[in-house]
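The values are calculated or read from the model by the stated rules, or taken from the named source; none is laboratory data. Just so it is clear, the model here is predicted, and its values are computed rather than measured. Here the Cβ positions follow ideal geometry from the backbone for every residue, glycine too, while neighbour counts run over all protein chains shown.
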Amino acid sequence: MSMRDALDPHFLATLGKESLVNLAIDTVHVPASVDAPDAGDWRAYIDTINASYQHDAGSDLLESDPAVTLAAARSHEHRVVRAFLARSGGTVVGAGELTYDRSTNRDVEFMVSVHPDARGRGVGDAVCARLEREARDLGRSYALVYAPSPLDPAGLTPDAVLRPSSGIGGIPRDDEHAQTLVGRGYELGQVERASAYFQGSDPDALRERLDEALAAAGPEYEPVWWSGPTPEAYVDGYAAAIARMGTDVPSGDHEWEPEVWDAERIRARELRAAATGQVWAITAVVHRPTGAVAAFNELVVAPDRTKPTENYGTLVVPEHRGRRLGTIVKCLGLLRWHELFSESPAVVTFNAEENRHMLDVNEAVGFRPVFWEGSWHKHLT
C-alpha cells in the first residue's frame, strides 16, 4: 500500500472497530530529507498531524512543515523529538510526538493526533498510552498535552464546559480529546486563545499605536529589529530573555521547568532555520542603561511565504513592565511583516486566557480569536 493510499478516506471508511485489535504504533524513521526514498512514513506522519489539528481547530491557518519539523527531529543537541505512527490494518489512523528539552529533567510534551476519519475508536488513548510509556522509560515524569477546539467557551452553557481551576477559559466537555485526557488522568491546567492578524489590516493603526507607546516608554528604551543571525550586541540579552519564558509568563496550574538558553543555542536554532528557508523576524526593546533585552517578539515566517506566519514567543521582562513595551514589539514587528512578507496572509499567536494584558494589546492592534487550545498536564508516577 502506498503512503497516499494509507491516508485515503476510502481506506479509512472501511475500518471497523474490531480492526483496532491489530493497532500498531511504531517509531517513525527520521530520513535525511523529505524527498529521500525512505521518507514516506515521515510525510504520512506530517499529513496526519495536519489533518488532525486542522479538523480539531476548525481552521487551516496552522500546519506543520515537513522540512522544518524534520530539521528539529534531526537535531538532538538541545531538544529531542520522537515521532510515532499508528496503523490499523496497514492504514495510518493516528500519530504521536514526544518532545523534551535536554536542559530540563522532568518535563515532556506530547502531541496526540487522530485522523478525522478514524475518530471514536480509541486511537488517541492508545497513542497517548504509548507516549506515556516512552516518557517513563526516559525518566520523564511531568507530561503536557495541547489540544485545540474551534468553540468559543463563552458561547457554551456552563455544564457543557470544562474549566481550569482559575475559571478562566474553557474547553467543550464532550470534546473527544478532552474525554480521552480526562480518562487518562490529565488535568486541564490552562486555556490558550489562538488569534489571527490578517494582511489586509490597516498598518496606519499600528504606526499610531507604536508612536504612542514609544513616547510612553521614554528614551531609556530602544526598539530594534532583525532577521537572520542575531546581532552580537543582542544575542546574550535575547537568550536571557527567552530563558525567562518558563517563569515569567502566565502558566495556570502548570509547573514548568525553566529551560537553559545561551548564545550558542540561539546560533544553532538560526542555522536550522536558514537550512529550511524559514525566517525568524525578531523585534526587541533594549534597556539602554543596562543593555538588557527588556522585551521581545518572534515572528516565524514559513519557507512557503504564502503560508501564515506564526508568532512564537512574546515577553516583557517583569521589571520592565508598565511601559507599553509589549505594544512596541507587537506593532513594530507587524509593520515590518507588512513591508517584507506581504505574501503571508496572516499572523497567528497564542495567549493564555488569563493574560488579559497581552490579549488587550493584541485586540487593540487587530488580532481576532480563531480557536482555543486546552493545555493539560499529568504526573507520570
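Considering each residue of segment 203-212 in turn, none proves to be at pLDDT 95 or above, assigned to a helix (DSSP H, G or I), within 30 Å of Y146 (Cα to Cα) and touching a Leu at 6+ places or on another chain (Cβ under 8 Å). Does segment 101-111 include one or more residues that are within 17 Å of L181 (Cβ to Cβ), free of Cβ contacts under 8 Å to residues at least 24 places away in the same chain and either basic (K, R) or touching a Phe, Trp or Tyr at 6+ places or on another chain (Cβ under 9 Å) (or both)? No, segment 101-111 contains no residue that is within 17 Å of L181 (Cβ to Cβ), free of Cβ contacts under 8 Å to residues at least 24 places away in the same chain and either basic (K, R) or touching a Phe, Trp or Tyr at 6+ places or on another chain (Cβ under 9 Å) (or both). So, L131, is that one crowded, with 17+ Cβ neighbours inside 10 Å, among the aliphatic types (A, V, I, L, M), without any contact (Cβ under 8 Å) to a residue 60 or more places away in the chain and under 29 Å from T104 (Cα atoms) or not? Here the answer is yes, as L131 does meet what is asked.
Of the residues screened, S103 is not one that is outside any helix (DSSP H, G or I), under 23 Å from R305 (Cα atoms) and hydroxyl-bearing (S, T, Y). Total residues in segment 303-342 satisfying the condition of being surrounded by fewer than 17 Cβ atoms within 10 Å (Cβ to Cβ), closer than 20 Å to A239 by Cβ and among the small types (G, A, S): the figure is 1. Within segment 96-117, the only residue that satisfies the criterion of being aromatic (F, W, Y) and touching a helix residue (DSSP H, G or I) at 6+ places or on another chain (Cβ under 7 Å) is F110. Would you say V300 is within 24 Å of T276 (Cα to Cα) and either part of a strand (DSSP E or B) or in the same structural domain as R130 (by TED's automatic domain parsing) (or both)? Yes. Exactly one residue among V224, V260 is closer than 16 Å to V329 by Cα and assigned by TED's automatic domain parsing to the domain that holds R305, and that residue is V224. Out of everything in segment 68-124 that is closer than 18 Å to Y186 by Cα and among the small types (G, A, S), what residue ends up being surrounded by the fewest Cβ atoms within 10 Å (Cβ to Cβ)? Filtering segment 68-124 for residues that are closer than 18 Å to Y186 by Cα and among the small types (G, A, S), the one surrounded by the fewest Cβ atoms within 10 Å (Cβ to Cβ) comes out as G122. Output the residues belonging to segment 343-374 that are hydrophobic (A, V, I, L, M, F, W, C), within 27 Å of E220 (Cα to Cα) and surrounded by 16 or more Cβ atoms within 10 Å (Cβ to Cβ). M358, L359, V361, V365, listed by residue number. In the set (1) more than 26 Å from the chain's Cα centre (by Cα); (2) modelled with pLDDT of 95 or more, the condition left unmet by A13 is number (2).
Against the condition assigned by TED's automatic domain parsing to the domain that holds V30, among the small types (G, A, S), in contact with a Leu (Cβ under 8 Å, 6 or more places away or on another chain) and outside any strand (DSSP E or B), how does A71 come out, does it pass?
Here the answer is no, as A71 does not meet what is asked.
This table checks each residue for (1) more than 17 Å from the chain's Cα centre (by Cα); (2) surrounded by 16 or more Cβ atoms within 10 Å (Cβ to Cβ); (3) charged (D, E, K, R).
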| residue | (1), (2), (3) |
| --- | --- |
| V224 | yes, yes, no |
| D236 | yes, yes, yes |
| D248 | yes, yes, yes |
| D253 | yes, no, yes |
| W256 | no, yes, no |
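For A294, are the conditions met, namely being touching a Leu at 6+ places or on another chain (Cβ under 8 Å) and crowded, with 18+ Cβ neighbours inside 10 Å?
Criteria met by A294.
Residues in segment 247-268 that are modelled with pLDDT of 95 or more, part of a loop (DSSP other than H, G, I, E, B) and either touching a Pro at 6+ places or on another chain (Cβ under 9 Å) or more than 17 Å from V108 (Cα to Cα) (or both): W261, D262.
Tell me, yes or no, whether segment 316-338 has at least one residue that is part of a loop (DSSP other than H, G, I, E, B) and over 24 Å from E222 (Cα atoms). Looking through segment 316-338, none of the residues is part of a loop (DSSP other than H, G, I, E, B) and over 24 Å from E222 (Cα atoms).
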